[in-house]
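Peer 1: The structure is given below, and queries will be raised subsequently.
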Amino acid sequence: MKNLLPIILLLATSIAHAKVINVADHGIVPGQDATYKLNQLLESLKDESNVTIVFPKGQYDFHPENGMEIYRAVANHDNGLKRMAFPLFNFKNITIDGNGSLFMFHGLIVPFTVESVQGATLKNFSIDWIRSFHAELEVVESNPEDNSFIVETDPELYPYTIAKGGITFHRYEIDHPIGSNMVWDPKTEAPIYGTKKYAIRGTNAVVTPAGENRFKIAKAVKKAPPVGTILVTYGTHPTSRLCHAIQITNSSNVLLNNVTVHDAGGMGLIVERTDNITLDHFV
């Protein structure tokens with residue numbers, strides 16, 4: 001029992017000195033761009049440790065215009081100036097608790113950057129974007145004779161323009177041609193078997209209108225994909241992977257608990273040079 005006493009006292013002291021902050025007390029509320037006020041709040045806590053930042057449940061929106069901007073080199077992604085919603089730099093024992101909130105992002109912004117943090121918990125929230133960084137195109141006709149096919153899509157979800165035999169998808173400030181792409185089976189929610197033979201060589205593709213919200217793709221694949229499959233197109237380097245969801249670098253003792261990433265303009269989670277990271281119900 002003598003050995004347990006210092007541990008109990010240390011734990012009690014840690015709990016007593018923990019600081020809990022409700023973001024609503026700092027003007028961060030649903031229905032408004034929360035980016036600037038959140039960045040201000042995080043900056044004000046730079047010299048403190050054992051801090052828990054609590055979001056009352058709701059949808060919180062984040063726009064890039066008011067986010068902190070830093071040049072970041074990101075593994076297997078496109079480097080550059082990144083606008084950030086949650087720039088967590090050099091903290092010690094910080095917790096972000098969303099209470100089941102949805103964090104909705106608009107445009108070219110990185111949700112979470114965790115850099116040189118000793119002890120971090122991100123929990124109880126989901127990440128999504130108001131518009132995706134990819135396009136989903138359902139194959140509605142397939143012609144094995146010339147390996148052309150017709151796809152249908154929702155222009156509100158995936159706006160595009162067809163001109164001069166090509167297609168451009170409009171994604172925030174960047175327009176993308178058909179770039180990286182893969183054909184998926186909607187029943188298994190996995191890439192279709194032998195997906196490589198259905199891959200589009202974007203520079204060779206000829207795209208022409210084929211009815212309302214439909215267009216024909218020709219001279220692009222070794223084999224036309226089957227009707228009912230979903231062609232997912234992304235973008236082209238160096239602007240197709242600008243907005244990963246969570247990056248954790250040079251840190252230790254990190255917990256992601258009950259966090260769901262619905263979409264991102266890059267990978268959902270990147271962890272580099274970090275000790276002791278735990279994923280508990282990370283989706």
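Peer 1: Kindly provide the pair-distance distribution of the range 174-220 built from C-alpha pairs, with 10 Å bins from 0 and whole-percent values in order of increasing distance.
Peer 2: 23, 43, 33, 1
Peer 1: While we're here: Would you calculate the separation in nanometres between label points at residue 116 and residue 75, each defined as 7 Å from the Cα along the Cα-to-beta-carbon direction?
Peer 2: Reported label-point gap for residue 116 and residue 75 is 1.9 nm.
Peer 1: In addition: Per the Kirkwood formula on distinct C-alpha pairs, the Rh of the range 54-136 is how many angstrom?
Peer 2: Details: mean 1/r = 0.0723 Å⁻¹.
Taking every pair of different Cα atoms in the range 54-136, averaging 1/r and inverting gives 13.8 Å.
Peer 1: Can you check what the Kirkwood hydrodynamic radius comes to for the range 194-283, Cα pairs only, in Å to one decimal? Walk me through the numbers on the way to the answer.
Peer 2: Working: mean 1/r = 0.0601 Å⁻¹.
That comes to 16.6 Å for the range 194-283.
Peer 1: Across all directions of projection, what mean area in square nanometres is found for the Cα convex hull of the range 127-283?
Peer 2: Averaged projected hull area, Cα only: 10.7 nm².
Peer 1: Would you mind checking the pairs 82/222; 187/223; 123/197; 82/123 and listing those with alpha carbons more than 30 angstrom apart?
Peer 2: 82/222; 123/197
Peer 1: What is the Cα radius of gyration of the range 56-206 over 2.2 N^0.38 Å, N being its residue count?
Peer 2: The range 56-206 yields a ratio of 1.32.
Peer 1: May I ask for the equivalent-ellipsoid semi-axes of the range 135-221, computed as the square root of five times each C-alpha gyration tensor eigenvalue and listed largest first in whole Å?
Peer 2: On the way: eigenvalues 75, 50, 35 Å².
Here the semi-axes work out to 19, 16, 13 Å.
Peer 1: Relative contact order of the range 138-282: what whole-number percent is it, with Cα pairs under 8 angstrom and at least 6 residues apart?
Peer 2: About 24 percent, as a whole number.
Peer 1: Mind jotting down a quarter of the surface of the convex hull over the alpha carbons of the range 12-94, in square nanometres, one decimal?
Peer 2: It is 6.8 nm².
Peer 1: By DSSP, what percent of the beta bridges with both residues in the chain are antiparallel, rounded to the nearest 5?
Peer 2: Details: 36 of 87 bridges.
The answer is about 40 percent antiparallel.
Peer 1: Long-range amide H contacts for residue 171: which residues qualify at under 5 Å (H placed 1.01 Å from N, peptide plane, sequence gap of 5 or more or a different chain)?
Peer 2: Long-range HN contacts for residue 171: 176.
Peer 1: Still on this model: Express the Stokes-Einstein translational diffusion coefficient of the chain in µm² s⁻¹, to the nearest whole number, given a Kirkwood radius over alpha-carbon pairs, 37 °C and a viscosity of 0.692 mPa s. Could the numbers behind the result be given before it?
Peer 2: Numbers: Rh = 21.0 Å.
Answer from the Stokes-Einstein relation: 157 µm²/s.
Peer 1: Sticking with this structure for a sec: Find how much the distance from residue 197 to residue 168 grows on full extension, using 0.36 nm per residue of separation minus their present alpha carbon separation; answer in nm with one decimal.
Peer 2: Between residue 197 and residue 168, full extension yields 8.2 nm more.
Peer 1: For Cα pairs less than 8 Å apart in space and 6+ apart in sequence, what is the mean separation divided by the residue count of the chain, i.e. the relative contact order in percent?
Peer 2: That works out to 17 percent.
Peer 1: Roll a 1.4 angstrom probe over the protein heavy atoms and tell me the percent of accessible area of the range 244-283 that is carbon or sulfur. Before the final figure, lay out the partial values.
Peer 2: Values: 850 of 1790 Å².
Exposed carbon and sulfur together represent 47 percent of the surface.
Peer 1: At a 1.4 Å probe radius, carbon and sulfur cover how many percent of the accessible area of the range 10-148?
Peer 2: That fraction is 48 percent.
The values are calculated or read from the model by the stated rules, or taken from the named source; none is laboratory data. Keep in mind the model is a prediction, meaning the values are calculated, not measured. All Cβ positions, even for glycine, are placed from backbone atoms using ideal geometry, and neighbour counts span all protein chains on display. With ligands, DNA and RNA removed, areas are computed over all heavy atoms of the protein, side chains included. Shrake-Rupley method; radii C 1.70, N 1.55, O 1.52, S 1.80 Å.
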